[in-house]
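We did not get these values from a lab; they are worked out from the coordinates using the rules stated. The structure presented is a predicted model; accordingly, all values stated were derived computationally and were not measured. Counting neighbours? That spans all protein chains shown, and the Cβs are built from the backbone with ideal geometry, glycine included.
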């Protein structure tokens, strides 16, 4: 695929290792074990994974994309079996190697035989991983899996057993290294967040130009955080689709709980957050709570007014902009982009705005410029008469990026009231190239360079 979302290219393609098998055999646990971090939700409830959950990893000396899929033969409580099967089919269509996971605890089942017959028709390298072999009894049952027509590799995703052998077998069957093997991890990571049913998965699919995530009218369809890599101007961008964030009291069961935690983690991992708002409904407490998460993490935010096609005509863009500013005052500086994810309208523009915010957050300002702004701001805010104990700023300097961090050396941080702190932050944002992003301003106590040292004379 050469084109993504109209304006973005697909990055250089890495070989794909697809993990397939029945529900509850440990596919997601295997993905997490190979990545050495928790990406997919692991739960005793069969069918926890629905979408294709993918992540890039190093297997031996080869960079690959590992894709976890929903369970083959899943019976889904929300009747999404057809969607899950379509995602499995798409994973197999691009796979270089297939890891067929079974369970030593369950033994070799009729469904395993059915899956094996279907996989043999693919003409792909198939690695049979017999998982859950922690006990001696389980290890003894591995031999019976030869009946599936593949040489079994005994593993335990939980204990990390047999993973090196599995990785070596997978890399042996990979195609020769290509252009994507040397690609660095993307610096720009964009998290798509919002309440349930705001159109996040539709937005991701519009950007991908393909059905990357399951889209359904059933709230809470997305559970795992889904990664999409796109490229523009030779740079790769990671876009993360997340589960709809709910009020804590509305979360039911461990799967929903972990889905919520993954979404929150995506905000922490992100360089930029795209907060999707549903134009057809009022901004709710849930929207405000998500906005506060991004504010607390000091993340640049693009406010995305989605489903604008359904709201257009009932209000103007200006009216909706004023409404959002009133409801989300903590993000009054954040840009607002109007989109219709279903048709792809302005989806690329929202991501391009995110790129712009990333550029602002990575910018460095000279110390002299910071102090010029400080001098003007203090003149504007300074009371007519200064008394001992008044807040005094000796000088400031930018000490970090992502987010831009300005350290102010002052007489006493406690003397700086919230109103003045907000005033100063806004002045920095207006005068410096940080107009649409949050700043971190740190107040550090320091004696004036003109103060006499205690116990020493003037000429000391």
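Starting with the fewest neighbours, write out 144, 61 ranked by other beta-carbon atoms found within 10 Å of each beta-carbon. All intermediate terms of the calculation are to be shown ahead of the outcome.
Details: 144 13, 61 8.
Final ranking by Cβ density, sparse to dense: 61, 144.
Computed on alpha carbon atoms, what radius of gyration and Dmax characterise segment 323-406, expressed in Å?
Radius of gyration, then largest Cα-Cα span, for segment 323-406: 19.0, 62 Å.
Fewest Cβ neighbours within 10 Å first, please rank 285, 146 accordingly.
Values: 285 9, 146 12.
In order of increasing Cβ crowding within 10 Å: 285, 146.
Between residue 378 and residue 109, what length in nm is gained on full extension when 0.36 nm per residue of separation is reduced by their alpha carbon distance? Let's see the in-between values first.
Details: separation 269, 0.36 × 269 = 96.84 nm, distance 7.52 nm.
Gain on extension, residue 378 to residue 109, equals 89.3 nm.
Quick one: 290, 237, fewest Cβ neighbours within 10 Å first, how do they rank?
On the way: 290 27, 237 24.
Placing the least packed residue first, the sequence is 237, 290.
Would you compute the Debye intensity of segment 367-445 from its alpha-carbon atoms alone, equal scatterers and no solvent, and pass along log10 I(q)/I(0) at q = 0.11, 0.19, 0.20, 0.21 Å⁻¹ to two decimals?
Ignoring solvent entirely, the Cα scatterers give -0.26, -0.79, -0.88, -0.97.
I need the calculated FRET efficiency for the pair residue 368 and residue 295, taking r as the beta carbon distance and R₀ as 30 Å, to the nearest 0.05.
Numbers: r = 30 Å, r/R0 = 1.00.
So, using R0 = 30 Å, E works out to roughly 0.50.
Can you pull the one-decimal nm distance between simple spin-label points at residue 390 and residue 35, each 7 Å off the Cα toward Cβ?
It is 5.5 nm.
Expected output is a single nm value to one decimal: the length gained when fully extending between residue 164 and residue 233, i.e. 0.36 nm times separation in residues minus the C-alpha distance. What is it? Don't skip to the answer; put the middle values down first.
Numbers: separation 69, 0.36 × 69 = 24.84 nm, distance 3.66 nm.
Additional length available on full extension: 21.2 nm.
What FRET efficiency comes out for the pair residue 94/residue 314, r = Cβ-Cβ distance, R0 = 25 Å, nearest 0.05? Provide the component values of the computation, followed by the final result.
Working: r = 42 Å, r/R0 = 1.68.
Working from the Cβ atoms, E equals 0.05.
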